[in-house]
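Undergrad: Can you read through this structure? Questions will come right after.
The values are calculated or read from the model by the stated rules, or taken from the named source; none is laboratory data. Since the model is a prediction, treat every value here as computed from it, not as a measurement. For neighbour counting, all protein chains shown are included, and Cβ atoms are generated from backbone atoms with ideal geometry for every residue, glycine included. Note: accessible area is taken over every heavy atom of the protein model, side chains too, but ligands, DNA and RNA are not part of it. Shrake-Rupley method; radii C 1.70, N 1.55, O 1.52, S 1.80 Å.
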Amino acid sequence: MSGGFPDHFSAVANAYGRHRPDYPAELFDWLAAHTPHHERAWDCASGNGQAARGLAPHFSQVFATDAAPSLLATLPDHSGIDRVACAAEACALADGSVDLACVAQAAHWFRHTEFHDEVARVLRPDGLLAIWGYGVLRAEDPALDHLLIDFHDATLAPWWPEERQHIRNHYRNLPFPWPEIEAPEFRITREWDRATLLGYLGTWSAIRRARAAGQDPLAALAPALQALWSNPSMPARVHWPIFLRAGLRP
């Protein structure tokens, strides 16, 4: 933990980098279109840099910051992204130095008053702040979808951190410092085989917490998943709805 950050992911940094999905290009096109200048972007709580990589085509320089250096270390050196280990609430970037500040799938972990003070310091006037996340994984196959929703909502219910409620509420109950811009709906869509799906589920904070307590919910899920998915290489279409809040710094 750094700066009070609840570190659920350093121990699974490599798996997180392999199995967490990237974001659609349309999301970054929209962010760039609503950012007046495109010199520098800040991906706060960047993790493995999924959002930072999406920003790179639109900005001359991209900073990826995270309180967990082990997550940043999985970002390839040739990415051209500047990595800085620091907490969201104590950023190492200079005053008024970035045109866009974004937080992808991480704002629910923040101390919001302190983060808003930092983003107001680092972001230039008329710069854009955007926070987003993605909801619960859904599958197009009804039986698989029911199994995954039951696993998320019932099996893992005792193990989700309290902050997970903000994901379920699509960040509607998080504070936001400035007037917001209406944002369109975006979606992540993937074709995944069974092993890839299990790899993704293994990155969930609830799974790590359960395993630390001596339980393995994924092992318990495996027989039901295998019964539904007898051919492990057959892809299944899955998706996540993206929820986005954005506004310009006065």
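Undergrad: Go through the stretch 19-40 and give me each residue that's loosely packed, with under 15 Cβ neighbours inside 10 Å and part of a helix (DSSP H, G or I).
TA: Scanning the stretch 19-40 gives Ala25, Glu26, Asp29, Ala33.
Undergrad: Go through the stretch 98-154 and give me each residue that's open to solvent by less than 10 Å² (accessible area, probe 1.4 Å), within 18 Å of the chain's Cα centre (by Cα) and closer than 19 Å to Leu228 by Cα.
TA: Those that are open to solvent by less than 10 Å² (accessible area, probe 1.4 Å), within 18 Å of the chain's Cα centre (by Cα) and closer than 19 Å to Leu228 by Cα: Leu137, His152.
Undergrad: Can you find, within the stretch 226-250, the residue that is most open to solvent (accessible area, probe 1.4 Å) among those that are under 25 Å from the mean Cα position of the chain (by Cα) and aliphatic (A, V, I, L, M)?
TA: So the residue we want is Leu248.
Undergrad: Has the stretch 84-97 got any residue that is open to solvent by 10 Å² or more (accessible area, probe 1.4 Å), part of a helix (DSSP H, G or I) and either within 15 Å of Ala56 (Cα to Cα) or among the acidic types (Asp, Glu) (or both)?
TA: There is no residue in the stretch 84-97 that is open to solvent by 10 Å² or more (accessible area, probe 1.4 Å), part of a helix (DSSP H, G or I) and either within 15 Å of Ala56 (Cα to Cα) or among the acidic types (Asp, Glu) (or both).
Undergrad: Those residues that are open to solvent by 20 Å² or more (accessible area, probe 1.4 Å) and of a type in the set (Val, Ile, Thr), I need them from the stretch 48-80; list them, please.
TA: Scanning the stretch 48-80 gives a single hit, Thr74.
Undergrad: Let me ask something else about it. Inspect all residues belonging to the stretch 10-17 and state whether any of them is within 23 Å of Phe186 (Cβ to Cβ), surrounded by 18 or more Cβ atoms within 10 Å (Cβ to Cβ) and modelled with pLDDT under 95. Full working, then the answer.
TA: Within the stretch 10-17, the first condition is being within 23 Å of Phe186 (Cβ to Cβ), and the residues that meet it are 16-17.
Filter once more, so that each one left must be surrounded by 18 or more Cβ atoms within 10 Å (Cβ to Cβ): 16-17.
Still in the list and also modelled with pLDDT under 95: 16-17.
The answer is yes; a qualifying residue exists.
Undergrad: A further question follows. Name the pairs whose Cβ atoms lie under 7 Å apart, with the first residue in the stretch 118-141 and under 17 Å from Tyr200 (Cα atoms) and in contact (Cβ under 8 Å) with a residue 40 or more places away in the chain, the second in a loop (DSSP other than H, G, I, E, B) and open to solvent by 10 Å² or more (accessible area, probe 1.4 Å), and 6 or more positions between them or separate chains?
TA: Gly133/Gln105; Tyr134/Gln105; Gly135/His170
Undergrad: Right, here's the next one. Looking at (1) out of contact with any Phe, Trp or Tyr (no Cβ under 8 Å at 6 or more places or on another chain); (2) closer than 17 Å to Tyr134 by Cα; (3) assigned to a helix (DSSP H, G or I), can you tell me which one Leu147 breaks?
TA: Result: Leu147 passes all but (2).
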